[in-house]
Structures are given as C-alpha cells and as structure tokens.
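Here's the structure we're looking at; comments come further down.
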Amino acid sequence: MTPVDLLDLDSLLDDEERQIRSVVRRLVDDRVRPHVADWYERGQVPARELAREFGRLGLLGMHLTGYGCAGSTAVAYGLACLELEAGDSGVRSLVSVQGSLAMYAIWRYGSEEQKQRWLPAMATGEAIGCFGLTEPDHGSDPASMATRARRDGDDWLLHGGKMWITNAPVADVAVIWARAEEGVHGFAVPLDTPGVSVREIRRKMSLRASLTGEIALDDVRLPADALLPGAAGLKAPLSCLTEARHGIVWGALGAARDCLETTLAYAGTRTQFGRPLAGFQLTQAKLADMAVEWQKGFLLALHLGRLADAGRLRPEQVSVGKLNNVREALAIARQCRTILGANGVSGEYPIMRHANNLESVLTYEGTSEIHQLVIGQRLTGLSAFA
Ligand SMILES: Cc1cc2nc3c(=O)[nH]c(=O)nc-3n(C[C@H](O)[C@H](O)[C@H](O)COP(=O)(O)OP(=O)(O)OC[C@H]3O[C@@H](n4cnc5c(N)ncnc54)[C@H](O)[C@@H]3O)c2cc1C
C-alpha cells in the first residue's frame, strides 16, 4: 500500500486486481525506472522491446477479449495504466495507443480477416499500431478533417496527413480516419504501403520517452478490405477515444503518486533551519492537500472503472474523470516540484519529467477545455462547440 492511501482505498480492490497491479509495478520497477530518465533525456525509447515485454505480460489490448487478448476488467486495465504511468506517461501512452486506440478500433469495427491479421500480433507486441485522427490544421475539431478517402474501382485512395501520432515512427499499422463522400471512414493502413511516409516529431519538451510522428498520405492506394466495415461516421473514432481516456483517468494518478512518494521521501530527509522540510506546517499543508486530491481522484477512477465493467460508462462521465484527474495530477506535480526546490528541476528526480509529460496528457485525448464543453453540454443541453 502506498503511504498516500490514507483512506485504505486498497481495500476496495479484489485480490486479482491487487495481483495484476503488483505484477505491473514490478515490471515498471525492473524495466522502466532504471532507464527512463535517460530515454527522456535522449528523446528515445526502445518501443519494440518494451512492446514485446508488455505483450508477454498480457498488457496490450488487455481489456479486450479473444484474438490473444487478456480479457481483463476495466478496473484491472486502469490499475495497469496507473502503474505504467508511475514509471512514465510516455510508456503508458505506448500501451494506451496500442490497446485502447489501434487494437480497440480493429477489435470493435474491423472485419474478421482484419482482426485475425492484426490483433494476435498486436497483443504480443510483434506488431505495433497507431491511431491517426489529429491533423496539422484540425485537432479539437476532427469533424473538419481534410484527409480524404475516395473510391477508385474496388480500391480506396487516401490523401492527406495526420499529425502528432503516438507510436507512428515505430508502427506497422495505422488506423487512419478520413472523410469520404458519405462520411468519415476508418482504414487499417500498413505503414509500408506505397505513398505513406512517416516523419518523427523531434524537440518535444514533453512525453520525450514516447515516439510521436507525422504521417503523410499521398494518394495511398488501399484494397477494399482495408476499410473498417463497422465504423460509420465520427462516432467510431470518438468511441475509441472514450476507451483510451478511461485509461488516462487512472494513468495520471500514477504520475501524481510517483511525485508524491518522491516528495514525501525527500521532505523527510532534507533539512533546512535545523529540521526536515516535512516538519514545516506549510509543507504539511501542501502534502495534505495533495494527498486528499489524490485520494479523490482514485475514488473517481475506481467509480468510472466499475461503471465501465457494468457496461454503463458514458462519454461525459469519462470527461469528468479525464478533466479532474489530469488537472489535479499536474497541480500535484507542480506543487511537489516546489518542495524539492532546485532539485525539483533536476532530471535526477522524476518530478519535472512527470510535470512536463502531464502537459501533453492535459492536451491529448481531448483538451481540458473540450472536456469542460462536453460536461457543459450535458448540464445545459446546449452544445457550445459543435
Ligand atoms: C505528445 C502528443 C501525442 C499525441 N498523440 C496523438 C495520437 O496518437 N493520435 C491523434 O490523433 N492525436 C494525437 N495527439 C493530438 C492531440 O489529440 C491534439 O493535440 C488535441 O486534440 C488538441 O488539438 P490541437 O493540438 O490541434 O489544439 P487546438 O484544437 O488547436 O486547440 C488549441 C487550444 O484551443 C482550445 N480550443 C479549441 N477549440 C475550442 C473551443 N471550441 N472552445 C474553447 N477552447 C477551444 C483547446 O482546448 C486548446 O487549449 C497527440 C498530441 C500530443 C501533444
């Protein structure tokens, strides 16, 4: 149990959930923690190697069933996201994009042949997937996407480009969303198809232990069976985002917990004015407020996870979780940073890395503003954005 768990929220988990959590925690301790500061500094990550290890543990497409996927509960998947993000948000992003975006899109909307072709290989980490919705000129408003799909005989021709695509530089397949005459379609696009080119986006100051790319599609010719037959309209990619956002609700708590645990240990040993920082009332006020927010965030994540497992989770409820937990995790990371003083900005401690990562997490999968608008629409019945 973490010292942050003042309310013994652990007791709300069952044995299997606790066991999955310890397995992932151990993996992160062994395979991520010793290296992640270096990956972050170099802006590189051994994504293929990690994907295979995560695949061996059943973490890829973990909450999906069949096709080699583990078929775990939403809560178990959430706990795995939390532990992965306690290592690094970029490492959790690798798993989220693979499982909740790319695999989920194929699992939910793909043909049987597409599922057989991609899912078992993606579940083991032999194949890596990415999810292309955002474009250079269309982020929060994907309905105005410029990427086009048109029929040419039996084939499809895709033209346009996708931007800020996690895993793209290392991916084998991209789920690409494009507008055709009749509406938005999804396609499973092998990235070695002629006309597809991927450029890695460098110089990110956030999520540096995650590979991000731009995908250019220059009249890419695809056979008819590249189309995801079940996906009609923008509702399809948005449903995938709801899946991934649920993982983020949990994941952000992992980054925050790591900041809090690091800060508690630091404040207990660092002395100024003849006593440990932890003994100052102002420090304790900060620690207490952060622990309270963390506990509230965990309760929220667990409630949403239980709703998901009961098949009752609605998108605006996920917006509540994503808005709150990422915002609070970022606030916790920044506050922890103050307690570490100058050491707070050092890469020798994980705090600044988590804080920088959470800036991306705040923006991707729907910015905070977009989640406020989703919640606002639910409260008022009026859409302020669509
Ligand atoms: C590291 C990283 C990885 C990513 N990975 C992926 C990926 O794998 N796949 C993918 O498809 N995308 C990915 N994204 C893209 C991400 O989803 C978008 O950045 C996000 O949706 C916001 O779009 P934008 O950056 O174009 O910002 P914009 O849409 O231009 O928004 C800019 C600002 O304006 C605000 N805003 C926009 N519209 C409104 C409105 N109506 N009312 C009030 N405020 C508004 C936004 O909230 C934001 O604060 C990733 C982004 C990052 C940073």
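The values are calculated or read from the model by the stated rules, or taken from the named source; none is laboratory data. Here the structure is a predicted model, which means the values were calculated and not measured. As a convention, Cβ positions derive from the backbone with ideal geometry for all residues, glycine included, and neighbour counts pool all protein chains shown.
Below are the figures for this structure:
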read-out	value
Any hit, region 375-383, residues being under 30 Å from L277 (Cβ atoms) and surrounded by 15 or more Cβ atoms within 10 Å (Cβ to Cβ)	no
Residue count, region 73-93 (criterion: over 17 Å from R25 (Cβ atoms) and either within 15 Å of the ligand (Cβ to nearest atom) or among the hydroxyl-bearing types (S, T, Y) (or both))	3
From the options R203, R208, residue that is modelled with pLDDT of 95 or more, surrounded by fewer than 21 Cβ atoms within 10 Å (Cβ to Cβ) and under 30 Å from H35 (Cα atoms)	R203
Criterion (within 23 Å of the chain's Cα centre (by Cα) and part of a helix (DSSP H, G or I)) met by exactly one of L207, L241, L282, L287	L241
Leading residue by the ranking (surrounded by the most Cβ atoms within 10 Å (Cβ to Cβ)) among those in region 293-323 that are touching a residue at least 60 places away in the same chain (Cβ under 8 Å) and within 19 Å of L6 (Cα to Cα)	A301
Strands (runs of 3 or more DSSP E) wholly inside region 144-204 that include at least 2 residues being within 12 Å of the ligand (Cβ to nearest atom) and either within 15 Å of A231 (Cα to Cα) or without any contact (Cβ under 8 Å) to a residue 60 or more places away in the chain (or both)	155-166, 173-180
Identity of the residue in region 97-133, surrounded by fewer than 18 Cβ atoms within 10 Å (Cβ to Cβ) and touching a residue at least 60 places away in the same chain (Cβ under 8 Å), that ends up nearest to the ligand (Cβ to nearest atom)	R108
Search result, residues across region 342-357 that are more than 11 Å from the ligand (Cβ to nearest atom) and touching a residue at least 40 places away in the same chain (Cβ under 8 Å)	N343, G347, E348, Y349, P350, I351, R353, H354, A355
Residue within region 351-372 that is among the charged types (D, E, K, R), touching a helix residue (DSSP H, G or I) at 6+ places or on another chain (Cβ under 6 Å), more than 27 Å from T262 (Cα to Cα) and not in a helix (DSSP H, G or I) present	yes
Residue in region 61-69 that is in a helix (DSSP H, G or I) and either acidic (D, E) or over 20 Å from the mean Cα position of the chain (by Cα) (or both) present	no
